[in-house]
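Below you'll find the structure, written out as structure tokens, and then a few comments.
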Amino acid sequence: MTKFMSAAFAASILVPAILMSAAPAQAQTRETVTATVRHRDLDLRKPEHRAMLDARLRRAAAIACGHMTRDLRINGDITRCRAEMRADSAVKVAALTNAPVVLASTR
């Protein structure tokens, strides 16, 4: 565990996102999706360890939000879910490392 971690983040980063259900458009609901990403074995002061955490976060988002399909509407929901998870994880990782939050634009 690094010196920068608070007790709340000591074991994992919980990354929430919202995923639309695959129900018809008039009855769509948003479903909360979360993933737990372990980072206790990483020293987030090291760039290579931050890269490893980033890979874990991307993999967790892909698993939690689902895999792309042939349905473009569902793929849009999956893409939004993954983007929300990345944005939320960026804030949480910044809190762990006392670093400024930098989000990449998708436009």
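Numerical summary
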read-out: Complete set of residues in the range 42-65 that are among the aliphatic types (A, V, I, L, M), open to solvent by less than 20 Å² (accessible area, probe 1.4 Å), touching a Leu at 6+ places or on another chain (Cβ under 9 Å) and farther than 10 Å from THR97 by Cβ; value: LEU42
read-out: Where a residue in the range 32-45 is farther than 14 Å from LYS92 by Cα and its partner, wherever it lies, is open to solvent by less than 10 Å² (accessible area, probe 1.4 Å) and at pLDDT below 85, with Cβ under 8 Å and at least six apart; value: THR32/ALA17; VAL33/ALA17
read-out: Residues that are open to solvent by 80 Å² or more (accessible area, probe 1.4 Å) and at pLDDT below 85, drawn from the range 66-107; value: ASN98, PRO100, VAL102, LEU103, ALA104, SER105, THR106, ARG107
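The values are calculated or read from the model by the stated rules, or taken from the named source; none is laboratory data. Computed from a predicted model, the values in this text were never measured in an experiment. Cβ coordinates were reconstructed from backbone atoms using ideal geometry, including for glycine residues, and neighbour counts include every protein chain displayed. Surface accessibility is based on the protein's heavy atoms, side chains included, excluding ligands, DNA and RNA. Shrake-Rupley method; radii C 1.70, N 1.55, O 1.52, S 1.80 Å.
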